[in-house]
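The values are calculated or read from the model by the stated rules, or taken from the named source; none is laboratory data. From a predicted model like this one, the values you see are computed outputs, not experimental measurements. Heads up, the Cβs are rebuilt from the backbone with ideal geometry, glycines too, and the neighbour counts pull from every protein chain shown. Note: accessible area is taken over every heavy atom of the protein model, side chains too, but ligands, DNA and RNA are not part of it. Shrake-Rupley method; radii C 1.70, N 1.55, O 1.52, S 1.80 Å.
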Amino acid sequence: MKAPLVLFGREVKRLHCVGLTGMGLGPLAIYLAGRGVSVTGEDDHPNPLMEDALRHAGIRVAATGSLPPGVDLVVISSAVKPTHPTLIQASSEGVEVRRRGEVLAAATADRKLIAICGSHGKTTTTAMLVTALRAASFPFGYILGGLFADKSLAPAAVSDSDWVVAEVDESDGTIERHSPEICVAVNIDWDHPDQYPTYDECLAAFTRLFQRTRSHVLVSGSCASTAEALIRAVLPEGKAQTFGPKGRFKLVSKAQTGNGMKLVLGESFTLPEAHVKAEGEFNALNATAALAAAQLAGAHLEPDLLSGYTGVARRQSRLQGPAGYTVIEDYAHHPAEIRALLSSLRVNLGPGQRLLAVFQPHRYSRTLQFLPQFAEALAGVDWLGLLDVYGAGEAPLEGGTTGDLYAHLRTSYPRLEVNYCGAHTERLLTLLLREAQPGDTVVWVGAGDLDQAARRWVDRLARKDDEEAKWDLLASELRSICSPDTRVRREESLAERTTLRVGGAARVLAEPATEDDVRLLLGRAREHGVAVYWLGRGSNLVVPDFGVDGLVLSLAHSNWQAFTPGADGRVWVGAGLRLKNLCGLAAKAGLQGFEFLEGIPGNVGGALRMNAGAMGGWMFDVVDSVRLLTEDLRIVIRRKEEMKVDYRHCEDLERAVALGAWLKPVRHAQSEAVAAQIDAYREKRQKSQPREPSAGCIFKNPEGDHAGRLIDVTGLKGTKVGGAMVSPVHANFIVNADSATSADVAELVRRVRAAVEKAQGIQLNPEVILFGDDWKNVL
C-alpha cells in the first residue's frame, strides 16, 4: 500500500488538473496518479498525443469548466488564465489552486531529484538520461516535459527508489521551489522576459538553484552564462562539474555512424566511448550531459546505454510524408535553438535542394524581446511561412506580434520570400503546398499547436496530386461545355489582372463569351461544389498571396464591352466595359454626365456592385436599370428604384451578377465640352491621387469624416511594410511601391487601422475587397 502523498502540508487524495494535456502538466498528472492520487483533468485545447498517454495511464480528459466534487487540490498549467470557470468555482468552494511547477517541486521534495534545467535541450537530455538509467537497470522514477517519440513509452513513471529525474522549467519562476540532489544545466540563455525582465535576473534564478543543490551541479563547459552562474554561486570544492568538449566529463569527439553517433569520452568518464541513436552537435552535447548525470547518480555506465534512444516527440521529429520530401517538426522557440536547428538542416542539403520553414512564435513577450534575433535566425531559409503567435495565456503586446516580425523581416531581409496569413493557418498551408517540391526539406518550427498544423499539411501533401487532378478535371469539363470563344485556364495569375499588382493564382479562371456560357459555367461549378468569384478590372480588391480556391469568372471578352446608344436617349453598356472607355465613347457621342467615372480604374460590372464614385458623383446616379443573372440562373431586369443601393455598396449584387445596364437619358453637348470636363477631372485626380499601383481608397469613410484625413493626422503617410506604402500623396491609398505582396498590404492595413483607432478612437473598415477571402480572417 502506497504511503499517502502530502503536498503543502496536507494529504492529497483527489487532484484536478486544468490544462491537463499540456506537455508539462500531463506527465506530472501521470506521475501523481502513480503515487496513489486520484487524478482528473480538463483542457480547453486538448492535445491528442498527450490524451493518448493519459488514457494509457487511466486518466481521462473530462469536459471543461466543471470541478468534480471532493477535490483536494487544483493544479493549473501556466497557460490557464485566472478567469477560467473552473478556477472561479475552486475559489468559491475554498479549494486550493497551485501551479504545475509548485506541485512538481512539492511532489519530488521527498526524493533525490535529478533536475534537468536550462534554456534549450532539457527535454531531450531528460529523455536521454531516462533511457540511460533504464538500460543500466538503475532504479528511479521520472517526469518528462514532453512525450517520447515511441508512443509505448510513458512520459512519467513511479519507482520505489528515492531517485527521480524531472525536467525543471524556469519560465514561471517555480524553479525557486526546487532543491535537487543533482542539478544539470544544459545551458542558459536569457529567455522568458515576462518572468525575468533582465539577463541578470534570469542568471540569478539559476545561481540560486545551484546553491540549493545538495550534491552535484553539472553544467556545460562551453556556455559562458552557466560559467558565470557557477562563479556567482560560490560552490564548495568538487560540487561543480562540467561536461562537453571543454568539460571535466569530456566529449573528445563525435563521429556519425550508420545508426547515430559514436562519442569518444575522456577525463572524468568511466568509459572511453558511447553510442547514441541521434544526430548532430547539439544531441552529442545532450548525450554527454545525460551520461555524466547517470554516472554522478551512481549508475554503471556501458557503451550502449543510449543506443536504444528513441527520441522525443517534437524534437526534430520526422513526419512521414510522400517520397522525395523531408518533413521535420521541432519545438524550437528561442533564436539560439532555431539557429542551431536550421544550420544543422542546411548542412545536409544537396545541390539544388531547398530549406522551407514555417515558424510559429511562442509568447508575445519573447517575440518582443528577441524579434531581431528571430529574424536573423530565420533569414537563412529559402522560403518562410509565419503563423500568429501562440500566446500561451499572454495578451498581445505591441511590437511582439507575428505581424511585427513579418514587417521586420520584409525590411531587413528583402530577398527572403516571407509569407504571412494572419490567423488563417489553412491559407498558409495552401501556400506551402503550392511551393514545396520533391527534394525540399520542410521544417516546422515553434511551440504551441504547430505540430497539429504540420500533420494536417503532410496529409494534404499526400493528396496533392488528387487535388490538382480535381481542378484539372473541372477545367476540362468547363472547356467541353462552353462555346469555342470561351477561354478556360488553370492556375492563372491574378496579380496582373488587378490595379494593385499583388496576389496569387486562380485555381480555374474562365472568360465566358456569352450569357449561355455564364449559365453553364455557374451550373457546373455548383455541381462540383466549387466557389465562384467574379473579377472585374481588379481595381477595388486585394488578391491573397495564396490565390483563390475556386472558379474565377471574368467578363473580359469583347462581347461584354458594348456601348450602344438607344433611340430613347438611354445607353446600353456591357458589364465588361472599362469606365475609362465608357467616358471616351460618351464624349465622342456628345453625351454628358459620365465624366466623373473617367478616373475610376474599373469596369461597369464592378462599378455597379460597389456603387463606385468620384468627384461628387456615384455610379447609380446615372443608372436606369440593370440586367442581372440571379442565384438560380435566371436573367432579370431591375430598375434602379427596385434595388437597394447605398454608400459603396449594392445589396442586390451580393448574390447576383450584373451583365450590363441601361444608363439614364443624358444631356447632349458638344464633344469638345465633354472632353474638356474629362480633362479637368483627370488633372484634379492626378494632383490628388498617387500614380503608383493601388486598389483605390483602401478604407471606407466613417460617418461625418474622411479616412484619408484620419490617417494623415495620425502621421501615417509614408509608412511601409515590405513593398506596400501608405501614399504620401493621399493617405487613404496603399500603393505598391516596390514588389509588394498581399501580406505586405494586409499587415499595413492592420497597422493603419490599429494606429488610427488608438490615436483617434475611430475604427476604420476596409473598402477594398479581399478577393476569395474575408477581412475578418486578417483583422
(request) Go through Lys580/Lys644; Lys151/Lys262; Lys13/Lys81; Lys717/Lys776; Lys112/Lys239 and tell me which ones have a Cα-Cα distance over 18 Å in this structure. (result) Lys580/Lys644; Lys151/Lys262; Lys13/Lys81; Lys717/Lys776
(request) Among DSSP beta bridges whose residues both lie in the chain, state the antiparallel percentage, nearest 5. (result) 45 percent
(request) Find the centroid of the Cα atoms in the stretch 513-586 and in the stretch 135-190, then give the distance between the two in whole Å. (result) 65 Å
(message) Nearest 500 deg cm²/dmol is fine: what mean residue ellipticity at 222 nm does the chain get from its DSSP H runs of n ≥ 4 alone, each adding -39,500 (n - 2.57), divided by its residue count?
(response) -9500 deg cm²/dmol
(message) Between the stretch 206-230 and the stretch 307-339, what is the separation of their alpha carbon centroids in Å?
(response) 29 Å
(request) Calculate, in nm to one decimal, what Ala531 and Ala109 gain on full extension: separation in residues at 0.36 nm each, minus their alpha carbon distance. (result) 145.9 nm
(request) Please go through the stretch 232-331 and write out the GluC sites (Glu not before Pro) that DSSP classes as loop and that have at most 14 other C-beta atoms within 10 Å. (result) Glu237
(request) With a probe of 1.4 Å, find how much accessible area the stretch 694-779 has per residue, and write the answer as a whole number in Å². (result) 40 Å²
(request) Whole Å is fine, so just give me how far the alpha carbon centre of the stretch 355-379 lies from that of the stretch 633-661. (result) 48 Å
(request) Could you please report the charge total around Leu663, scoring K, R as +1 and D, E as -1 over all other residues with beta-carbon less than 11 angstrom from its beta-carbon? (result) +1
